[in-house]
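Only one structure is covered here, and it is reproduced in the block below.
The values are calculated or read from the model by the stated rules, or taken from the named source; none is laboratory data. All figures in this text were calculated on a predicted structure; none of them were measured in a lab. Glycine gets a Cβ as well: all are built from the backbone with ideal geometry, and neighbour counts include every protein chain shown. Just the protein is used for accessible areas: all its heavy atoms, side chains included, with ligands, DNA and RNA removed. Shrake-Rupley method; radii C 1.70, N 1.55, O 1.52, S 1.80 Å.
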Amino acid sequence: MEIERKNKRKKSMKEGGKDEKQRGVCYLGRIPPRMDPSTLRQMLSQYGEIQRLYLAPQDSSGHVQIKAGKFQRQNFSEGWVEFSDKRVAKRVANMLNGEQIGGKKRSSFYYDLWNIKYLSKFKWDNLTEEIAYKKATREQKLALEISAAKKERDFYLTKVEKSRALSAIDERLMKRQRIEEDSGGNPDLPSSQPEHEVIRRFRQKKPVANNAAKTKPRLSKDVLSSVFGDS
């Protein structure tokens with residue numbers, strides 16, 4: 001049983017490889033607004049069997065609100081359609097390119113024109129590789145932009161800090177200059193000291209030694225001569 005399953009898988013893979021060789025891919029250079037993958041598949045399926053279909057989103061800001069309170073529809077920039085038969089794909093591209101899309105007159109893309117081209121020798125695997133490459137390139141570009149934005153932000157912040165420091169220094173110098181002008185040009189005068197120093201004077205008594213010298217009785221010269229003369 002397992003051997004039979006393996007043989008069936010190999011056979012299906014071979015048949016699938018043959019089918020892929022017969023398939024053809026068409027490229028749509030422009031997707032009209034409000035056209036989604038299901039609508040595009042429905043419109044192109046009438047010309048031939050479609051295997052796969054991919055529409056590239058326009059960007060994250062490409063959302064258009066249809067009505068207030070309802071969902072928003074995604075717009076697409078380009079697309080790829082894989083037909084089961086490359087001859088059908090080539091015929092569809094030659095027939096529709098440059099023609100009016102048509103459909104229902106109420107549709108927003110009724111008057112738009114098809115921009116479709118058959119890609120010769122192009123396979124769906126090439127598309128997946130191209131999408132992966134574009135994605136990697138976009139991510140790398142985004143990383144570079146983020147890095148540049150961070151550097152610009154850091155440079156701006158350093159400039160702001162330097163500006164604040166210089167402003168603080170200028171403010172201190174101006175304040176000191178005003179204080180010096182108010183204090184009469186004495187730079188050593190502290191900011192808390194008043195403009196003029198107040199000297200208090202108190203009435204004091206005379207020294208005791210001076211009073212004692214004046215009030216002490218003195219001996220007369222006659223008395224002293226008589227004393228020293230008798231001896």
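With the highest mean first, a sort of the peptides 167-175, 24-32 on other beta-carbon atoms found within 10 angstrom per residue produces 24-32, 167-175. Starting from the 7 Å offset along Cα-to-Cβ, what nm value, one decimal, do you get for the label separation of Glu161 and Ser38? Distance between the two pseudo-spin positions: 5.6 nm. Just list whichever of Lys21/Lys141; Lys21/Lys117; Lys104/Lys135 have alpha carbons separated by over 28 Å in the model shown. Those over the limit are Lys21/Lys141; Lys104/Lys135. Of the listed residues Lys121, Lys150, the order by accessible area with a 1.4 Å probe, largest first, is Lys121, Lys150. In order along segment 144-149, the Karplus-derived 3J(HN,Hα) couplings, from 6.51 cos²θ - 1.76 cosθ + 1.60 at θ = phi - 60°, round to 5, 5, 5, 4, 5, 5 Hz, and Gly and Pro are given as x.
Working ranking of peptides 122-131, 81-90, 151-160 by packing, defined as the average number of other Cβ atoms within 10 Å per residue, highest first, is 81-90, 122-131, 151-160.
Entry note, segment 23-181: relative contact order of 26 percent, from Cα contacts under 8 Å with a spacing of 6+ residues. So how much accessible area does Ser77 have, in Å² to the nearest 10, using a 1.4 Å probe? The accessible area comes out at roughly 50 Å².
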